[in-house]
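The structure under discussion appears below in the form of structure tokens.
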Amino acid sequence: MGISDSELVLLSLSRLSSEKNLDKLVHAFPEVVEAYPSAKLIFVGDGPMRHELETLVSEMGLAGNVIFVGEVRNEDVSEYYQMADIYINASDSETQGLTYLESIVNGCPVIAKRNDYLSGLIKEDSLGMLFDEDGKIGKTIIAYADFYHSSDVATNQEVWDGLMQEISSKTFAEAVLSYYQTSIDIYESQPREEVKLRVNLLEKIKR
């Protein structure tokens, strides 16, 4: 994508839909660009709001700073976390999303809207920073970027070990739930036909 190591890279990884508040990220981004002119906001994912977001980006003169990647394969997701400096999520509905854990595992700190779950997850500065209001998204990104670039960021080993245990349990639970939900959906849509499940539970657990 032609991004240099010196550029601040923000990653949004989700379905491009209204409940994700992605337009709030775009509206906040000029403030970030003012502080970090070469900053990049990368949207990974696709959805019904993509055209609206692309239009908004163009109207705000941010086409040179915002990149729409589209959907990527599950096995390639970690590359985007590892490329980014910060994972950003402004959703009100995604209170316990697996993406927060995936981001931290890949060494990418999280900036997101505060809730009880995230307050317990983001336990120290090396893991990220939370904002309380949409109007503070830009300032929070800048504050954390300043900290990130001026500090030797390292996570306490005890905190890290606890996170790894939580992530392992949560990933397993998510995989099992997804497996059974897929089974139910297929059964209900084709009740009289022989159904062959194409969901590989072990592959999901390994993610």
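Throughout, read-outs are computed from the coordinates displayed, never taken from laboratory work. None of the values given here were measured: they were computed from a predicted structure.
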_Cα-based shape type of the stretch 9-150, given that a ≥ b ≥ c are square roots of the gyration tensor eigenvalues and the cut on a/c is 1.5_ = rounded
*Among Lys20/Lys123; Lys40/Lys123; Lys113/Lys139, which pairs are too far apart, with a Cα-Cα distance over 19 Å?*
Lys20/Lys123; Lys40/Lys123
